[in-house]
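Let me begin by presenting the structure, written as structure tokens, before commenting on it.
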Amino acid sequence: MVVLSVPAEVTVILLDIEGTTTPIAFVKDILFPYIEKNVKEYLQTHWEEEECQQDVSLLRKQAEEDAHLDGAVPIPAASGSGVDDLQQMIQAVVDNVCWQMSLDRKTTALKQLQGHMWRAAFTAGLMKAEFFADVVPAVRKWREAGMKVYIYSSGSVEAQKLLFGHSTEGDILELVDGHFDTKIGRKVESESYRKIADSIGCSTNNILFLTDVTREASAAEEADVHVAVVVRPGNAGLTDDEKTYYSLITSFSELYLPSST
Ligand SMILES: CSCCC(=O)C(=O)COP(=O)(O)O
Ligand SMILES: [Mg+2]
């Protein structure tokens, strides 16, 4: 078995979700289709609620920023009060959400709405989040060795908590010391990792970030965070240069903590 030694200065393990703790297939085949199938009905049912209106406002703001993009779907400002106007508005939001999802965009606006929609499905027991078999035993071991474990995902903090709270391994939320999403910054920007370190109260070089995406690994490394790229079934392939450059693991059990002999 390949073993990757965790540097002694590391006290925090920061985990990506999709492609790292959780199969991409779970996200692409279960979570995302749920949104596409239910978004219209969700908007029709919850439209008058404050939370839904905040989600729509954020999506509209994002749509304005995206106006220059090919195929972008605008969301008109709320105007008339007729039934037809409302249905047109809802359809514009649906089209915008589906357009963003077709590009697998990671905007805070899209992720916030998705998190709110998944709430009902997880709490009703309609969905359980999948984790790779090595994840929970490794996280338990790291914590026993004194490591802190945080999540940094493009999925909203609320969605992250749903996944960890309703998983095939049961409620494993207590295994996580804290959560970060794109509200702290995009995962491909190094400043986000500095802000995460500040928020945790450690130096960036006290953090080891595990992710499947090399652009994220590169941004973290630029901020002096230690990184390893996680290779899982179904993940995007890496170039030969990436395979040579990055420390690679295929299971969390390949991480060796000097303090946990
Ligand atoms: C945690 S919510 C479900 C997954 C998701 O929407 C997503 O964008 C995951 O991105 P990640 O940064 O975890 O690769
Ligand atoms: Mg990922």
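Some notes on this structure:
- If you go through region 1-33 and keep only what is part of a helix (DSSP H, G or I) and touching a Phe, Trp or Tyr at 6+ places or on another chain (Cβ under 7 Å), you end up with just LEU31.
- LEU126 meets the conditions (1) surrounded by fewer than 15 Cβ atoms within 10 Å (Cβ to Cβ); (2) out of contact with any strand residue (DSSP E or B) (no Cβ under 6 Å at 6 or more places or on another chain); (3) at pLDDT 95 or above in every case but one. The failed one is (3).
- Some residue of region 17-36 being more than 16 Å from ligand 1 (Cβ to nearest atom), modelled with pLDDT of 95 or more and crowded, with 18+ Cβ neighbours inside 10 Å: no
- Test for SER253: is it at pLDDT below 95, within 21 Å of ALA145 (Cβ to Cβ) and either more than 16 Å from ligand 2 (Cβ to nearest atom) or not in a helix (DSSP H, G or I) (or both): no
- Unique residue being surrounded by 12 or more Cβ atoms within 10 Å (Cβ to Cβ) and touching a Phe, Trp or Tyr at 6+ places or on another chain (Cβ under 6 Å) when the list is VAL94, VAL73: VAL73
- Count - residues of region 174-215 that are β-branched (Val, Ile, Thr) and touching a Gly at 6+ places or on another chain (Cβ under 8 Å): 3
- Checking each residue in region 211-225 for being in contact with a strand residue (DSSP E or B) (Cβ under 7 Å, 6 or more places away or on another chain), surrounded by fewer than 22 Cβ atoms within 10 Å (Cβ to Cβ) and not charged (D, E, K, R) picks out only THR214.
The values are calculated or read from the model by the stated rules, or taken from the named source; none is laboratory data. From a predicted model like this one, the values you see are computed outputs, not experimental measurements. Quick reminder, even Gly has a Cβ in these numbers, built from the backbone with ideal geometry, and neighbours come from all protein chains shown.
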